[in-house]
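The values are calculated or read from the model by the stated rules, or taken from the named source; none is laboratory data. In this text, all values refer to a predicted model and were calculated from it rather than measured experimentally. As a convention, Cβ positions derive from the backbone with ideal geometry for all residues, glycine included, and neighbour counts pool all protein chains shown. Calculation scope for accessible area: heavy atoms of the full protein, side chains included, ligands and nucleic acids excluded. Shrake-Rupley method; radii C 1.70, N 1.55, O 1.52, S 1.80 Å.
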Amino acid sequence: MRFAGVKTGHKARSFMFIRSLYEGLLQLVYPLLCEACQRPLLGQEKVLCLECNLLLPQTHYHHIAENATAQKLAGRIHFDHATSFAYFTKDGLLQHLLHRMKYDFRKEIGNYLGTQFAVALKQTAWIGDITALVPVPLHQRKQRLRGGNQSLWIAEGMSSVLQLPVLPHTLRRIKHTKSQTKMLSREQRLENIKDAFAVPEPAMLEGQHILLVDDVLTTGATLEACALTLEKAGGIRISIATIGLAGS
Ligand SMILES: [Zn+2]
C-alpha cells in the first residue's frame, strides 16, 4: 500500500508538472489578457493586471459603520454590518467586469472579485464574527439561463480567503419575478419580490451570523426581501456585502 501511495504521489507530481507546462505553453500561444487594458497577464495576475487592479474604485466602506450601503438599507431591515467593495458607475470598470461575468458566464471574474473583496474585509475585526456566507439565490430557471449563480461565484471567491463555508441552498428563490425595473416605486418593487424567497431548513441557521452576498446594490429590494425572509428563520444575525454600489 505504501508503495502504491508513493507511486500515486509520483504520478500526481508528474501530472502537475505536465499541467503547469501545458498552461505555460497555452499562455505563450493564447495569452490571458487583462480585462481592462488587454495586455497579457503576468505570473500570478488574474482577470486584471496589477495596474488596472489599482484602478478599481474601492469604497473602503468596511472601515466606516455609517457608510452609503448601510444608509441605503437602514430602517428597512436589521443588520449588523453592511458594505460594498467598489463603486458601480455607468461605463465604469466594475460595470464592465460584472457584465463580462454575467453575460459571458465568466465564473473566474466572480471568484476574482470575491477574493479581492475578502482581502479588504480581512482588515476589519467584525469579519471574524461571521460564521457563513449566503449568496443571494437566483430562480432555477434564471440560473440555467445565466450558466450559474453569479453571487455564488463571488461568495466562493470570498470563502477561499476567509475560510468560511458557503451555504448556497439555505436561502431558496421560489418565485420567478419580473426584473426590478426603475419604473416601479419602492413599495411596488417590494411587492413584486415579496415571498420570492424561502428558508427550507431554518434550524441550520440557528445561532449563525451570516454574510449575505450579492453582486450590485441598486434599489436594495432584493436584499431587503432576502433579509426579511432570513429574519423570519429566527436566531440569526445578518450582515451584508455587495461587490458594487450603484448610485441610484
Ligand atoms: Zn490592465
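Amide H contacts of residue 89: 94, 95, each under 5 Å away and 5 or more positions distant or on a separate chain (H built 1.01 Å from N in the peptide plane; Pro and chain starts excluded).
The candidates 66, 35, arranged from most to least accessible area with a 1.4 Å probe in the full protein assembly, appear as 66, 35.
The distance between label points at residue 10 and residue 66 comes to 6.8 nm (points 7 Å beyond Cα on the Cα→Cβ vector).
Pairs spanning more than 28 Å between alpha-carbon atoms, out of 11/102; 102/232; 46/122; 46/72; 142/232; 72/122: 11/102; 102/232; 46/72. By the gyration tensor of its Cα atoms, with a ≥ b ≥ c the square roots of the eigenvalues, what is the shape of segment 181-247: rounded for a/c under 1.5, prolate for a/b over b/c, or oblate? Verdict is oblate for segment 181-247. Compute the angle between helix 107-121 and the longest alpha-carbon principal axis of the chain, please, reported from 0 to 90 degrees and rounded to the nearest 10. Approximately 70 degrees, to the nearest 10.
Based on DSSP H segments of at least four residues, each scored -39500 (n - 2.57), the chain has a per-residue ellipticity at 222 nm of -13000 deg cm²/dmol. Split the accessible area of the chain by element, probe 1.4 Å, and carbon with sulfur accounts for 58%. Its residue count N fixes a reference of 2.2 N^0.38 Å for segment 23-176, and the Cα radius of gyration divided by that reference is 1.12.
By the rule of a C-alpha distance below 20 Å, with chain neighbours fewer than 8 residues away ignored, the aspartates and glutamates paired with residue 107 are 23, 35, 45, 156, 214, 215.
Karplus-derived 3J(HN,Hα) values for segment 37-50, using 6.51 cos²θ - 1.76 cosθ + 1.60 with θ = phi - 60°, are 9, 6, 7, x, 6, 10, x, 8, 5, 9, 6, 10, 6, 4 Hz; glycine and proline are entered as x. Using Cβ point charges alone (K and R +1, D and E -1), the dipole size of segment 105-148 about the Cα centre works out to roughly 400 debye. Can you tell me the 0 to 90 degree angle between the C-alpha axis of helix 93-103 and the longest principal axis of the chain, rounded to 10? The two axes meet at around 80 degrees. Note that the chain presents 56 Å² accessible area per residue, ligands and nucleic acids not counted, probe 1.4 Å.
Once the dipole of the chain is set up with Lys and Arg at +1 and Asp and Glu at -1 on Cβ about the Cα centre, which of 74, 213, 143 lies farthest towards its positive end? Of the candidates, 143 comes out farthest on the positive side.
For segment 187-248 versus segment 120-176, the spacing of their alpha-carbon centroids is 11 Å.
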